[in-house]
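Novice: One structure, pasted below without further comment.
A short reminder: the numbers here are calculations on the coordinates, not readings from a lab. From a predicted model like this one, the values you see are computed outputs, not experimental measurements. Quick reminder, even Gly has a Cβ in these numbers, built from the backbone with ideal geometry, and neighbours come from all protein chains shown.
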Amino acid sequence: MPPMSKPAEKNKPDNRYYRQARFLISAGKAKQFPDGGYEVAFAGRSNAGKSSAINTLCDNKGLARTSKTPGRTQLVNFFALDEKRRLVDLPGYGFARVPVAVKNAWQKLMTQYLSEQQSLNGLVIIMDIRHPLNETDWQMLEWCHHYQLPAHILLTKADKIKRNAQQKSKLQTIRQLKDAKLDASVQVFSALKKTGLDELVAKLDQWLQLANTSRI
Ligand SMILES: Nc1nc2c(ncn2[C@@H]2O[C@H](COP(=O)(O)OP(=O)(O)OP(=O)(O)O)[C@@H](O)[C@H]2O)c(=O)[nH]1
Ligand SMILES: [Mg+2]
């Protein structure tokens, strides 16, 4: 019999399952991608806060490397949650000042990942809440639409603006998506303050087929 799990602490996001995340592999080539089971990937502009969001989700500051230098994560980093489930930190897009060859390699790797990865169940797209939906974000949303991949937008770094400005940005983003006839759920987030962690956990539980199953 498995040990009984303790009830979640009152008013605290129940991200306990995600705390067991462990680094699996940094892949620079598609043939290194693990497959099978269920996977959720984090994409977004360089420096948007992808690695920080993963670390907050998993309560582990040292899990995904974060940096003040844009373009830090150049490889596709896989983290195992259990034998069947993974989180994926994708290389950031939109970094200026990188050689064309690097951009081309990035494009190829991302296309391979998004088009061929059978286990991919959803994409979390990270945007700075102060300037969401830039050109590359739209491209990523078009990509999701093309590959019929569900998208969830995290408007992160919310701690940098006031609560009413956070809501304004969220509503504006929803409106712009509607106008463009693109489908994505949208939420406010802060890796620093853990704002919106519950909402993110609920979305990931659903994509990773964890909802309504017993979790440790
Ligand atoms: N205030 C605040 N800073 C944040 C938040 N999330 C990330 N940052 C900061 O933003 C910078 C970039 O964060 P990363 O998580 O490394 O961003 P990334 O998207 O993984 O970047 P690349 O791997 O380079 O593409 C770091 O200095 C973080 O500390 C947040 O919610 N609030
Ligand atoms: Mg990163």
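Novice: Based on the alpha-carbon gyration tensor of the range 62-179 and its eigenvalue square roots a ≥ b ≥ c, which shape applies: rounded if a/c is under 1.5, prolate if not and a/b is larger than b/c, or oblate?
Specialist: rounded
Novice: For n ≥ 4 DSSP H runs only, could you compute -39500 (n - 2.57) per run for the chain, divide by its residues and tell me the 222 nm figure to the nearest 500?
Specialist: Values: 5 runs with 65 residues, N = 216.
When only DSSP H runs of four or more count, the value is -9500 deg cm²/dmol.
Novice: Additional query: Set Lys and Arg Cβ to +1 and Asp and Glu Cβ to -1, take the dipole of the range 104-169 about its Cα centre, and tell me which of 127, 149, 113 lies farthest positive.
Specialist: Of the listed residues, the answer is 127.
Novice: Here is a further query. Please get the size of the charge dipole for the chain, origin at its Cα centre, with Cβ charges of +1 on Lys and Arg and -1 on Asp and Glu, quoted in debye to the nearest 20. Don't skip to the answer; put the middle values down first.
Specialist: Working: 34 positive and 19 negative charges, 166 e Å.
Approximately 800 debye in magnitude.
Novice: Okay, next question. Explain nothing, just the number: relative contact order of the chain, from Cα pairs under 8 Å at least 6 residues apart, as a whole percent. Don't skip to the answer; put the middle values down first.
Specialist: On the way: 361 pairs, mean separation 50.2, N = 216.
It comes to 23 percent, rounded to a whole number.
Novice: Still on this structure: What's the ranking of 48-57, 78-87, 134-143 by average number of surrounding C-beta atoms within 10 Å, highest first? Numbers along the way, then the final one.
Specialist: Working: 48-57: 24.8, 78-87: 19.2, 134-143: 16.4.
Output ranking for 48-57, 78-87, 134-143: 48-57, 78-87, 134-143.
Novice: What spacing in nm lies between the two simple spin-label points modelled at residue 20 and residue 199, each 7 Å away from Cα in the Cβ direction?
Specialist: 2.8 nm
Novice: Separate question: Suppose R0 equals 35 Å. What FRET efficiency, 1/(1 + (r/R0)^6) with r the Cβ-Cβ distance, do residue 101 and residue 131 give to the nearest 0.05?
Specialist: Numbers: r = 28 Å, r/R0 = 0.81.
In this case the efficiency is close to 0.80.
Novice: Multiplying the sequence separation of residue 32 and residue 83 by 0.36 nm and subtracting their Cα-Cα distance, what value in nm do you get? Intermediate results must be reported in sequence, preceding the final value.
Specialist: Numbers: separation 51, 0.36 × 51 = 18.36 nm, distance 1.67 nm.
Net length gain for the segment: 16.7 nm.
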